[in-house]
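Okay, so here's the structure we're looking at.
Laboratory data are not the source of any read-out in this text; all were calculated from the coordinates shown. As the structure is a computational prediction, the values presented were derived from the model and not from experiment. Cβ sites come from the backbone with ideal geometry, for glycine too, and all protein chains shown count toward neighbours.
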Amino acid sequence: MGAVLLFIHILAAGAWIGANVTQLVVTPSMQRTGGTAAAAWMRQTVRMGTRIFTPAALILLVTGILLVIDEDVYEFEQAFAVVGVLMVIIGAVLGMRVFGPLGKKAAELHESGEQSAAAAVHRKLTSFAILDMALLIFTVWAMVKRLGL
């Protein structure tokens, strides 16, 4: 059972990281394109929150909890388990408070032709996206290293 849970856990992490990389690579060129194309892209990035990020985070949380319960060597108090739970919480907060609202705002600004204001929103989004990616990389490192084990 543990191998199946770990496989699903890793797939969910890959989905989260892959979606982050896609957004980090595509968003700058779409922002420069501007207009309805940029607005459509930003609406899709917001949609990714409910279609990719939220399911991936929930799967990570559930499989992570089940892995700790299933394996005799892991404990919820170990650093890598705490880091994993914290990453899901941070990701949820960033999604609800930053990525969703700012993504919608950027789409609206692109649609209304306010490209300089949209660019300012994109700069904020990029800063938070880099932070999110750095935290994800740290989380993967903590998991691989089994930090605290």
Which one of the conditions (1) under 18 Å from Ala13 (Cβ atoms); (2) in a loop (DSSP other than H, G, I, E, B); (3) without any contact (Cβ under 8 Å) to a residue 24 or more places away in the chain does Arg51 fail to meet, given that it meets all the rest?
(2)
Leu86 fails exactly one of (1) touching a Gly at 6+ places or on another chain (Cβ under 9 Å); (2) loosely packed, with under 14 Cβ neighbours inside 10 Å; (3) within 23 Å of Gly148 (Cα to Cα), namely (1)
Return only the number of the condition from (1) in contact with a Gly (Cβ under 9 Å, 6 or more places away or on another chain); (2) farther than 23 Å from Trp16 by Cβ that Gly100 does not satisfy.
(2)
When you check Phe138 against the structure, is it assigned to a helix (DSSP H, G or I) and among the aromatic types (Phe, Trp, Tyr), yes or no?
yes
Quick check on Leu102: is it part of a helix (DSSP H, G or I) and within 30 Å of Gly148 (Cβ to Cβ)?
no
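Checking the conditions here, which among Leu24, Leu60 is in contact with a helix residue (DSSP H, G or I) (Cβ under 8 Å, 6 or more places away or on another chain), in contact (Cβ under 8 Å) with a residue 12 or more places away in the chain, in a helix (DSSP H, G or I) and within 17 Å of Lys124 (Cβ to Cβ)?
Only one candidate qualifies: Leu24.
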